[in-house]
Structure formats: structure tokens, C-alpha cells
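A.B. asks: Once you've had a glance at the structure underneath, I'll fire off some questions.
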Amino acid sequence: MSDPSLAEKFLTSSKIYLELPRDPSEYFSKLNALRDDLETMFKQLLQQSGESDPEVWFALGHGYSNGWGTERDINKARTWFQRAADAGHAEAMCRLASKLRFNTDDDEALDLYLKAAKLGNTSAMCFLGYHYRTHRGQKNATSNNAQSIAWFQQAIDAGHRQAMIHLAKVYIEFTATPEKAIPWLLQAHDEGFDASHIMLADLYNNPESPVYNPSEAIKWYQRVAEQAWVSTPRSMLELARLHRAGYGKASGNAEAKLWIHRLLEAVPEKHHLHKQASKLLGKMAGEFI
């Protein structure tokens with residue numbers, strides 16, 4: 001019988017490179033040792049490949065797909081993923097479906113994702129949630145988005161907590177009921193998903209939103225602005241605009257200028273937000289504080 005821990009050990013070891021030290025000499029020393037270990041394990045997996053073990057077949061597909069323990073070979077990767085998928089390996093179905101999707105074999109890929117989802121694979125459930133999202137006004141938008149919501153809900157129930165963010169996006173961007181995103185975003189916030197903050201801020205800051213609330217928008221933009229996020233500069237600009245409009249508790253223009261100056265220090269002069277902030281500051285030059 002094959003060693004049931006070998007495939008798992010190989011898959012775990014293939015991810016260790018992400019945690020290697022940054023010091024160049026130490027990095028390459030440990031990387032070379034890791035490569036040697038992976039090559040040894042890969043050879044052992046090949047020796048076990050004749051046995052009926054989908055985990056071994058999946059690990060071989062993973063090795064060939066990424067070049068871990070062997071030369072990268074997409075065709076061989078697909079062969080092993082296919083073999084594991086045929087034996088009911090849900091993650092192999094997802095990996096195979098991903099490769100088929102990039103080759104535009106969408107129908108076959110969709111079938112594999114459906115099979116994997118029925119086996120409880122939450123990544124497949126999330127893919128299906130993305131797959132069925134349809135903008136309003138397009139054909140079958142209502143029924144498709146209902147399926148999208150159902151798949152994301154199923155993923156959440158199965159333990160994929162980040163799917164709360166995905167589900168909220170469906171409500172905000174693809175349905176006429178964006179307010180239904182709020183409970184999910186608040187729950188995501190409670191569970192530590194900071195991506196919920198900018199989504200809440202934008203939702204409350206949209207005048208066309210049924211939950212338009214500038215004061216709430218300020219609260220959530222400020223959370224984003226105090227962190228090192230890609231959305232941090234934009235949040236600073238929105239805070240400046242909201243305070244200038246008088247929605248904040250602090251002195252309007254004075255608080256707005258503080259956020260503008262923070263933004264100007266945070267981004268390069270050529271950045272589009274730097275230009276917008278400078279323009280806004282110029283407009284405020286003659287205004288009362």
C-alpha cells in the first residue's frame with residue numbers, strides 16, 4: 001500500500017517556498033534543500049502511482065503542473081489530474097476544470113465544478129457562484145443571480161467564510177437589493193475580513209443606494225484610511241469630500257484639509273488621486289474653514 005502521508009507531505013512541502021527567509025544566501029540554501037526533498041518525494045510518488053490512490057495521482061498532477069520535484073509538464077499534469085478526478089477526487093476536478101476553462105472548454109469545466117461542489121469542495125462552490133453572476137438587464141439575470149447567491153451561501157455554510165465577501169458583491173453589483181449585502185459585510189467584519197470595510201463605506205456613500213448614509217460612510221472609510229490597504233488613498237479622498245460637505249462631526253474644511261494633506265503625502269505626485277486631491281485643495285482655498 002502507498003504511504004497515505006507521502007502525498008500530503010509533498011503538497012505541504014511544495015508551499016514552503018512562500019515562507020523561505022528573505023536573506024539571499026539563506027534563501028537559496030534552503031530552496032535547494034527543498035528542491036532535493038521534493039524530487040525525492042516525487043520519485044517515490046511515481047513508484048506508488050500504480051496503486052489505486054487518487055491522492056497520489058493528484059500530488060503528481062500538482063508536481064507536474066508547478067514544476068515541483070520534476071520538470072513542469074502541463075500535459076502530464078492534466079493526465080494525472082484527470083485520473084484523480086475520474087476516481088472522485090474533488091480538488092483534482094477543480095484543478096482540471098481550471099485548465100479546461102483557460103482552454104475555453106467551458107461546458108466540460110462547468111460539469112467538473114458541479115461534480116466537485118456536490119462532493120463538498122468549497123472552491124468549486126465559489127467558482128459556480130462567480131459563474132452564474134449576471135448583470136441586471138442581461139438574459140436570465142434574475143435566475144442566474146439566484147443560483148449565484150445559492151452557491152455562495154452553500155460555500156459559507158460549508159465553512160468558506162470569505163465567501164461572505166463574494167456574496168455581498170453579488171447583492172451590490174448584480175441585484176436590485178444591495179442592502180442585503182450589509183448583514184454579510186458586518187458578519188465578515190466581525191470575523192476579521194477587512195475587505196468588508198471599503199465595501200460598506202462605498203455602499204453607504206452611494207446616493208443611489210437605499211442605505212445611503214454619509215455618517216456611516218465616514219466611519220468605514222476611516223477604518224480603511226488608518227490601514228495600509230490599496231484602497232487607503234481613495235478612502236482619504238472620500239473622507240475629505242465628505243467632511244467638506246459637512247457630514248462629519250469635526251470642523252468641515254479643517255478636517256477635510258487634514259485628510260487631503262495625508263493623501264498628498266501617501267501617494268506620488270503623478271498618481272491620479274494626488275492630482276484629484278490637489279485640485280480639491282485648490283477649490284477649498286477661498287472657502288471658510
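Where a number appears in this text, it was derived from the coordinates with a stated rule and is not lab data. It should be emphasised that the depicted structure is a prediction, and the values quoted were computed from it without experimental measurement. With ideal geometry, Cβ positions are generated from the backbone for all residues, glycine too; neighbour counts draw on all protein chains shown.
A.B. asks: So for the chain, taking the charge dipole from beta-carbon charges (+1 Lys/Arg, -1 Asp/Glu), which of ASN121, GLN138, LEU280 sits furthest toward the positive end?
C.D. replies: So the residue we want is LEU280.
A.B. asks: I would also like to ask the following. If you wrap the chain's Cα atoms in a convex hull and average its projection over all directions, what's the area in nm²? Numbers along the way, then the final one.
C.D. replies: Numbers: hull surface 79.6 nm².
Mean orientational projected area (the chain, Cα hull): 19.9 nm².
A.B. asks: Karplus couplings for segment 151-156 from phi (6.51 cos²θ - 1.76 cosθ + 1.60, θ = phi - 60°), rounded to Hz, Gly and Pro as x?
C.D. replies: In residue order, the calculated couplings are 5, 5, 4, 5, 5, 4 Hz.
A.B. asks: In which sequence would SER231, SER196, SER215 go, from the one with the fewest C-beta neighbours within 10 Å to the one with the most? Can you show the working numbers first?
C.D. replies: Details: SER231 19, SER196 24, SER215 11.
Lowest count first: SER215, SER231, SER196.
A.B. asks: Here's something else I'd like to know. Calculate how steeply helix 214-225 sits against the longest principal axis of the alpha-carbon atoms of the chain, using the helix alpha-carbon long axis, and give the answer as 0 to 90 degrees to the nearest 10.
C.D. replies: 50
A.B. asks: Report the charge-dipole magnitude of the chain in Debye, nearest 20, computed about the Cα centre from +1 at each Lys and Arg Cβ and -1 at each Asp and Glu Cβ. All intermediate terms of the calculation are to be shown ahead of the outcome.
C.D. replies: On the way: 33 positive and 35 negative charges, 238 e Å.
Computed charge dipole of the chain: roughly 1140 debye.
A.B. asks: Report, in degrees rounded to the nearest 10, the 0 to 90 angle that the Cα long axis of helix 195-205 makes with the longest principal axis of the chain.
C.D. replies: Result, in degrees: 30.
A.B. asks: Sticking with this one: Pop a pseudo-label 7 angstrom from the Cα along the beta-carbon direction at both GLU71 and GLU287 and give the gap in nm to one decimal.
C.D. replies: Roughly 6.5 nm, to one decimal.
A.B. asks: Then there is this: Counting pairs of alpha carbon atoms under 8 Å apart in space and at least six apart in sequence, what relative contact order in percent does the chain give? Provide the component values of the computation, followed by the final result.
C.D. replies: Values: 382 pairs, mean separation 19.9, N = 289.
Relative contact order of the chain: 7 percent.
A.B. asks: Provide, as a two-decimal number, the C-alpha radius of gyration of segment 120-193 over 2.2 N^0.38 Å, N being how many residues it has.
C.D. replies: Numbers: Rg = 11.7 Å, N = 74, 2.2 N^0.38 = 11.3 Å.
The value comes to 1.03.
A.B. asks: Relative to the longest principal Cα axis of the chain, at what angle does helix 252-266 sit, 0 to 90 degrees, rounded to 10?
C.D. replies: It works out to around 40 degrees.
A.B. asks: Right, something else. Excluding ALA124 itself, what net charge comes from residues whose Cβ is under 10 Å from its Cβ, given Lys and Arg +1 and Asp and Glu -1? Please list the in-between numbers first.
C.D. replies: On the way: positive: LYS115, LYS118; negative: GLU91.
That works out to +1.
A.B. asks: Treat each spin label as a single point 7 Å out from the Cα along the C-beta direction, and report the TYR212 to THR79 distance in nm.
C.D. replies: Modelled inter-label distance: 6.2 nm.
A.B. asks: Determine, from the Cβ-Cβ distance of HIS261 and GLU179 and an R0 of 51 Å, the FRET efficiency 1/(1 + (r/R0)^6), rounded to the nearest 0.05. Provide the component values of the computation, followed by the final result.
C.D. replies: Details: r = 35 Å, r/R0 = 0.68.
Calculated transfer efficiency: 0.90.
A.B. asks: While we're on this one: With charges only on Cβ, +1 for K and R and -1 for D and E, what is the dipole size of segment 194-284 about its Cα centre, in debye, rounded to 20?
C.D. replies: Values: 12 positive and 9 negative charges, 74 e Å.
For this selection, approximately 360 debye.
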